[in-house]
Amino acid sequence: MTEPDSPAFAAATITADDPRYPSMVLGTNHRFVGRPDYVRVVTTTGQVVAAVAEAVAAGKRISVRSGGHGFEDLATDGVEILLDMSEMTDVRYDAERRAFAIDAGATLGHVYRVLFKGWGVTIPAGECPEVGVGGHIVGGGYGPLSRSLGAVVDYLYAVEVVVVDEDGTARAIVATREEGDPHRELWWAHTGGGGGTFGVVTRYWMRAPDARSDDPRELLPKAPGAWRSGMAVWSWETMTPEAFATLQANFGSWFERNSDPDSPYAALAGYFHGTHRSGFGLTVGAHMDDATPDAEKLMTSFFEEVTAGVDVEPLFVSQQVRPWLYMSSYPGWGDPGDPFTRRIKIKAAYLRKGYAKEQTDVLYRHLTTGEASPVQLILIGYGGRVNAVAPDATAAAQRDSVLKAAYMAVWASPEEDDTNIRLVREMYRDVYARTGGVPVPDDANDGSYVNYADTDLADPEWNTSGVPWHTLYFKDNYPRLQQAKKTYDPRDVFHHALSVRLPD
Ligand SMILES: Cc1cc2nc3c(=O)[nH]c(=O)nc-3n(C[C@H](O)[C@H](O)[C@H](O)COP(=O)(O)OP(=O)(O)OC[C@H]3O[C@@H](n4cnc5c(N)ncnc54)[C@H](O)[C@@H]3O)c2cc1C
């Protein structure tokens, strides 16, 4: 595939004395502000190769940012040259590779719009339209269509990566999932190995694993036309510990029972969102393609089963149908806070089962103690088609979970950092008290999610399990990721607190 004829501009170099600099070093999480010598805004693969070569020759530490939606300081901490991919946004059909080529700087919202308007297709990626594909896909992204379609990496056909050889030469490699491809391991490493580890992704190609056609409209799943969304919302004013426990027990057991790949409920993306009692309240929600047979009936029965025996009246229960593209690319959807409330701490876990009663009690305590707190819990239905794929088929190893959990807080002022980070850490530590403060893979837990990055997992103060952070993220796939690292980044040019390490 050729590059676009004329990039919008030649690579721009922005140094600290440039008025553009403060805007270029700030990501979504305002806790972290980069201090690189310069930011290089690139628009072609050739510019990326040149920028990486320049960094290696100068002995400068280089890193890459695409959508800026990373939760930790992985793209900028200690970095001297920051590559900004956010102007490489092309999305097009590549007839040669029979796949959709997506530049690494494209946001999910842009991808959804182009794929939908051009061909009526989509990919099962994340909910927040401002997330960049650059970090999202290599981290094993998922979203509201994942229970019915799988993880986004299940659709990754190929990836172009700028890597640095042992002798310091920077070059672009296209790695595909084809069995005979000499670079297949580089493709595999990009199916969940995490960003900022192997090189700079400049482009992804997406195609469904079983697609045989030459017609682009048949190479990715058909996008929904209409999107059914349901919600039941409770106020903390009327909530009781018993009702909270029943709701959690119902929610967990519903996902245990209805998350097989072939379940009729695989089309239903359900979630639970609970703020601290000083916040909005408690929500059980669901989304699904309204063209699913019996969509309304399935969703109604989900709400009936999850709320059965919860003897506290919700403030309201609703179901609405809206056009899918409107919902999937609604600006700011999923982004926390407002322009000023942008300090974030997140911790995550995969659940093979709903919470045990003692965990529910811990959660209730953390969500109700104190006058005010930004802590919140989000539980997201997982499994379905995600679980039809073997744990080693992609680097995304968690293939039999039924829920993902995000424990988080969002706030505005740096003065609140210490308190709020501590609140999230303590909630997580207490929920996983049985297993050293982290979700060690066992019959109930299955580790954590690298795209919800949390450097505490590598900190013995907060991970007392003796199980290393990389096992929590990558499980048995870690040694293979290390081999890919050795082959494609033998000088460890691309590294950060949670990057795959070179093998010993
Ligand atoms: C508000 C919000 C909502 C989210 N919603 C979802 C969701 O619904 N589903 C989900 O799965 N995840 C979700 N995420 C997590 C998101 O997928 C990850 O944070 C992802 O890594 C972000 O990618 P990015 O390019 O936007 O971030 P960046 O901050 O640019 O990058 C994140 C990491 O990837 C690396 N990286 C970025 N670009 C490249 C590249 N081109 N080549 C190599 N490495 C690269 C960076 O160096 C960094 O280590 C959400 C995050 C936020 C903040």
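Quick notes on this one:
- Of all residues in the stretch 239-257, those satisfying the criterion of being touching a residue at least 12 places away in the same chain (Cβ under 8 Å) and farther than 17 Å from Asp361 by Cα are Trp254, Phe255, Glu256.
- Residue that is nearest to the ligand (Cβ to nearest atom) [pool: residues in the stretch 103-144 that are among the aliphatic types (A, V, I, L, M) and open to solvent by 10 Å² or more (accessible area, probe 1.4 Å)]: Val131
- Out of Gly199, Gly140, one residue alone is more than 28 Å from Ser401 (Cβ to Cβ) and touching a residue at least 40 places away in the same chain (Cβ under 8 Å). It is Gly199.
- Filtered by the rule that a residue be in contact (Cβ under 8 Å) with a residue 12 or more places away in the chain and acidic (Asp, Glu), the stretch 387-431 gives Asp392, Asp400, Glu416, Asp417, Glu426, Asp430.
- Count of the stretch 73-108 residues, restricted to those that are closer than 11 Å to Pro36 by Cβ, out of contact with any Leu (no Cβ under 8 Å at 6 or more places or on another chain) and not aliphatic (A, V, I, L, M), is 4.
- Residue within the stretch 425-435 that is out of contact with any His (no Cβ under 6 Å at 6 or more places or on another chain) and within 16 Å of the ligand (Cβ to nearest atom) present: no
- Breaking point among (1) away from the ligand (no atom under 16 Å from the Cβ); (2) in contact (Cβ under 8 Å) with a residue 24 or more places away in the chain, for His273: (1)
Residues checked against (1) under 21 Å from Gln483 (Cβ atoms); (2) not β-branched (Val, Ile, Thr):
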{"residue": "Val114", "(1), (2)": "no, no"}
{"residue": "Val138", "(1), (2)": "yes, no"}
{"residue": "Arg147", "(1), (2)": "no, yes"}
{"residue": "Val152", "(1), (2)": "no, no"}
{"residue": "Tyr155", "(1), (2)": "no, yes"}
{"residue": "Ala158", "(1), (2)": "yes, yes"}
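- When Gly109, Gly134, Gly126, Gly118 are checked against the criterion of being part of a loop (DSSP other than H, G, I, E, B) and either touching a residue at least 60 places away in the same chain (Cβ under 8 Å) or assigned by TED's automatic domain parsing to the domain that holds Val201 (or both), a single residue qualifies: Gly126.
- Tabulated pairs, the stretch 155-175, first acidic (Asp, Glu), second outside any strand (DSSP E or B), C-beta under 8 angstrom, 6+ apart or interchain: Glu160/Thr45; Asp165/Pro490; Glu166/Pro490; Glu166/Arg491
- Members of the stretch 174-190 found to be assigned to a loop (DSSP other than H, G, I, E, B) and under 21 Å from Val111 (Cβ atoms), listed by number: Arg177, His190
- Unique residue being modelled with pLDDT of 95 or more, open to solvent by 40 Å² or more (accessible area, probe 1.4 Å) and either within 13 Å of the ligand (Cβ to nearest atom) or on the phi < 0 side of the Ramachandran plot (or both) when the list is Ala58, Ala75: Ala58
Conditions tested, residue by residue: (1) touching a helix residue (DSSP H, G or I) at 6+ places or on another chain (Cβ under 9 Å); (2) open to solvent by 50 Å² or more (accessible area, probe 1.4 Å).
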| site | (1), (2) |
| --- | --- |
| Asp454 | yes, no |
| Pro460 | no, yes |
| Pro468 | yes, yes |
| Thr471 | yes, no |
| Phe474 | yes, no |
| Arg491 | yes, yes |
| Ser499 | yes, no |
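- Whenever a residue of the stretch 477-504 is away from the ligand (no atom under 16 Å from the Cβ), its partners that are open to solvent by 60 Å² or more (accessible area, probe 1.4 Å) and outside any loop (DSSP other than H, G, I, E, B), lying with C-beta atoms within less than 9 angstrom and at least six residues away or across chains, give the pairs Arg480/Glu185; Gln483/Glu185; Thr487/Glu185; Leu502/Lys486; Pro503/Pro479; Pro503/Gln483; Pro503/Lys486.
- Pairs are defined by a Cβ separation below 8 Å, a sequence spacing of at least 6 or placement on different chains, a first member in the stretch 302-328 that is farther than 16 Å from Asp289 by Cα, and a second member that is in a loop (DSSP other than H, G, I, E, B) and open to solvent by 50 Å² or more (accessible area, probe 1.4 Å); the pairs so defined are Val312/Thr238; Glu313/Thr238.
- Residues of the stretch 430-449 satisfying the condition of being out of contact with any helix residue (DSSP H, G or I) (no Cβ under 9 Å at 6 or more places or on another chain) and part of a helix (DSSP H, G or I): Thr435
- When Val52, Val159, Val152 are checked against the criterion of being more than 23 Å from Thr28 (Cβ to Cβ), assigned by TED's automatic domain parsing to the domain that holds Ser213, open to solvent by less than 20 Å² (accessible area, probe 1.4 Å) and near the ligand (Cβ under 10 Å from one of its atoms), a single residue qualifies: Val159.
- In the stretch 336-356, the residues that are not assigned by TED's automatic domain parsing to the domain that holds Pro414 never reach a residue that is open to solvent by 20 Å² or more (accessible area, probe 1.4 Å) with C-beta atoms less than 6 angstrom apart, at least six apart or across chains.
- Which listed residue, of Asp294, Asp289, is buried (at least 17 other Cβ atoms within 10 Å of the Cβ) and either away from the ligand (no atom under 16 Å from the Cβ) or assigned by TED's automatic domain parsing to the domain that holds Gly120 (or both): Asp289
- Restricting attention to the stretch 191-223, the residues being away from the ligand (no atom under 13 Å from the Cβ), assigned to a strand (DSSP E or B) and open to solvent by 10 Å² or more (accessible area, probe 1.4 Å) number 1.
- Number of residues in the stretch 360-398 that are in a loop (DSSP other than H, G, I, E, B), at negative phi and surrounded by 20 or more Cβ atoms within 10 Å (Cβ to Cβ) equals 9.
- Candidate set: the stretch 297-340, residues that are within 12 Å of the ligand (Cβ to nearest atom) and part of a loop (DSSP other than H, G, I, E, B); chosen: the one surrounded by the most Cβ atoms within 10 Å (Cβ to Cβ): Pro336
The values are calculated or read from the model by the stated rules, or taken from the named source; none is laboratory data. No experiment lies behind these values; they were computed from the predicted model shown. Cβ sites come from the backbone with ideal geometry, for glycine too, and all protein chains shown count toward neighbours. To get the accessible areas, we keep the full protein, side chains included, count just its heavy atoms, and leave off ligands, DNA and RNA. Shrake-Rupley method; radii C 1.70, N 1.55, O 1.52, S 1.80 Å.
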